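Q: A single structure is presented below for examination.
The values are calculated or read from the model by the stated rules, or taken from the named source; none is laboratory data. These figures come from a predicted structure and were not determined experimentally. Backbone-built Cβ (ideal geometry, glycine too); neighbour counts: all protein chains shown. These area figures cover heavy atoms from the full protein model, side chains too; ligands, DNA and RNA do not enter into them. Shrake-Rupley method; radii C 1.70, N 1.55, O 1.52, S 1.80 Å.
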Amino acid sequence: MRREIIINADACKRCGRCARVCPSAVYTQEKGEVPVVRKARNCIQCGHCVDVCEASAIRHSDFPAEHIHRIKKESIPSPESLMELMKSRRSNRTITPAPIPIESLSDIIEAAYTAPTAENSRKVVVTVLLGEDIQAVEDTTMKFFLRLAGILMSPVLRPLTKLFLRDLYNEAAELYRFERKWREGKRPCTCNGTALLAFCAPKGYDFGWQDCNLAYQNASLMAEAHGVSQIYMGLVQMAFKNMGRKKTERLLHLPKNHKLYALMALGMPAFYYPNYSDKPKNPYQHEFFQTSPDSSDQ
Ligand SMILES: Cc1cc2nc3c(=O)[nH]c(=O)nc-3n(C[C@H](O)[C@H](O)[C@H](O)COP(=O)(O)O)c2cc1C
């Protein structure tokens, strides 16, 4: 369908905001005149022009009236409540078999798709895995790490692993602890999640990491707001990085030629935390008004 952008000259207040906010120079405006649509084909469908117009004077074929909403300012969290949400968010790993309410899951996925994407390309795809599909991801991950450990911890390579791959060597005990749980029928790699969200984007797309992890963070805050546990599945991602493309696409239900950039386990926790503690500061983290972390030394 051809894109159509029409400005209702009678309603337009000639404020020129649409022309000012458009990142793609779709509009031009002579001072005090009704803006003119010059390059509708440049439009990246960001919706800034229709959202900024107080007079609802722009009819844009990509944004029919029913897709434009007045912002309910009173519903926007205050800085304090947003900070409280971010500080109290936890990777709560006490996930139970209780099902995640469908409204919560649906909000979490919607939050992911609401995140900004580079040039508004909206290439992020979120797939949802449940039941047996999660078990397949768990088994594949566990088997991958056991195979890797079998090689690196073999009598021949063990001394070299200890010398050159110290971190991996130190992680071995944790891996065998995971293996014991896995053999008992638990799912330690996927934290017993009852849903997995895979965030992917087309292979070769330049901003896959950024877009997917912005989507992840939106979804994780929404999960917290719903009282649903979420945990970042870095370990599983490491295993899948070493898996063939076809196998990854099949197991995670990714569209063809899509690459995995983030993975989230979700589930209902056994209990909630009553406290949050301040995160330890990293040495480069400094107060806003300080010019550098070690300015006190100067
Ligand atoms: C990139 C990344 C990878 C992670 N991978 C795992 C993982 O594989 N398993 C796990 O239980 N937690 C994983 N986590 C969760 C972190 O361990 C957790 O965020 C961190 O300990 C801080 O705790 P918090 O999320 O409760 O603040 C990961 C987090 C990030 C950001």
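Q: Magnitude of the Cβ-charge dipole of segment 124-228, K/R +1 and D/E -1, about the Cα centre, nearest 20 debye?
A: Result for segment 124-228 is approximately 580 debye, rounded to the nearest 20.
Q: Treating the beta-carbon of each Lys and Arg as +1 and of each Asp and Glu as -1, no other charges, what is the dipole magnitude of the chain about its Cα centre, to the nearest 20 debye?
A: Dipole size: approximately 1040 debye.
Q: Can you work out D for segment 118-257 in µm² s⁻¹ from Stokes-Einstein, where Rh is the Kirkwood radius over C-alpha pairs, the temperature is 37 °C and the viscosity is 0.692 mPa s? List each step's numbers first, then the result.
A: Values: Rh = 16.7 Å.
Diffusion coefficient, whole number: 196 µm²/s.
Q: For segment 155-262, which trypsin sites (Lys or Arg not before Pro) pass both filters: DSSP loop (anything but H, G, I, E, B) and at most 13 other C-beta atoms within 10 Å?
A: Loop-located and lightly packed - LYS203, LYS256.
Q: Of LYS143/LYS256; LYS123/LYS281; LYS186/LYS256; LYS87/LYS143; LYS73/LYS203, which pairs sit farther than 28 Å apart, going by alpha carbon to alpha carbon?
A: Exceeds cut-off: LYS123/LYS281; LYS186/LYS256; LYS87/LYS143; LYS73/LYS203.
Q: For a Förster distance of 22 Å, can you work out the FRET efficiency between the beta-carbons of GLN285 and ARG89, rounded to the nearest 0.05?
A: Computed FRET efficiency for GLN285 and ARG89: 0.75.
Q: What's the longest bit of the chain with no exposed chymotrypsin sites (Phe, Trp or Tyr not before Pro), using DSSP loop states and at most 12 other Cβ atoms within 10 Å as the test?
A: It runs 1-270.
Q: Using every pair of alpha-carbon atoms in the chain, split the distances into 10 Å bins beginning at 0 and state the percent of pairs per bin, rounded to integers.
A: Per 10 Å bin, starting at zero, the Cα-Cα P(r) for the chain comes out as 5, 20, 24, 24, 16, 8, 3, 1, 0 percent.
Q: Keeping all protein chains in place, calculate the accessible area per residue for the chain (probe 1.4 angstrom), answer in Å².
A: For the chain, the solvent-accessible area averages 64 Å² per residue.
Q: Among the lysines, which have Cα under 22 Å from the Cα of LYS31 when same-chain residues fewer than 8 positions away are ignored?
A: LYS13, LYS39
Q: Among PHE63, GLY185, ILE7, whose Cα sits farthest toward the positive end of the charge dipole of the chain (+1 at Cβ of Lys/Arg, -1 at Cβ of Asp/Glu, about the Cα centre)?
A: GLY185
Q: How many nm separate the modelled label positions at ASN120 and ALA173, each set 7 Å beyond the Cα in the direction of the Cβ?
A: Distance between label points: 5.4 nm.
Q: Moving on to the next point. Within segment 66-92, name every residue whose backbone N is under 15 Å away from a label modeled 7 Å from Cα of ASN275 along the Cβ vector.
A: Within reach of a label on ASN275, which here means backbone N under 15 Å from a point 7 Å along Cα→Cβ, segment 66-92 contributes 88.
Q: Report the one residue of PRO23, ALA270, ALA239 whose Cα lies farthest in the direction of the positive end of the charge dipole of the chain (charges on C-beta: Lys and Arg +1, Asp and Glu -1; origin at the Cα centre).
A: It is ALA239, whose Cα lies furthest towards the positive end.
Q: At 1.4 Å probe size, with the rest of the protein present, what percent of the exposed accessible area of the chain is carbon and sulfur atoms?
A: 55
Q: What list of ³J(HN,Hα) couplings, whole Hz, do you get for segment 72-88 from phi and the Karplus terms 6.51, -1.76, 1.60, once you set θ to phi - 60° and write x for glycine and proline?
A: Whole-Hz 3J(HN,Hα) from phi for segment 72-88: 8, 4, 5, 8, 6, x, 6, x, 5, 6, 5, 5, 4, 4, 5, 6, 8.
Q: When the Cα centres of segment 180-211 and segment 1-78 are compared, how far apart do they sit, in Å?
A: Between the Cα centre of segment 180-211 and that of segment 1-78, the gap is 39 Å.
Q: Another question, then. Under the rule that a partner needs its Cβ under 4.7 Å from the first Cβ, which Cys of the chain have none?
A: If one checks each Cβ against the other cysteines of the chain, CYS12, CYS15, CYS22, CYS43, CYS46, CYS53, CYS189, CYS191, CYS200, CYS212 turn up with nothing under 4.7 Å.
Q: For ASP10, what charge total do you get from the other residues with a beta carbon under 15 Å from its beta carbon, if Lys and Arg give +1 and Asp and Glu give -1?
A: Around ASP10, the charge tally is +1.
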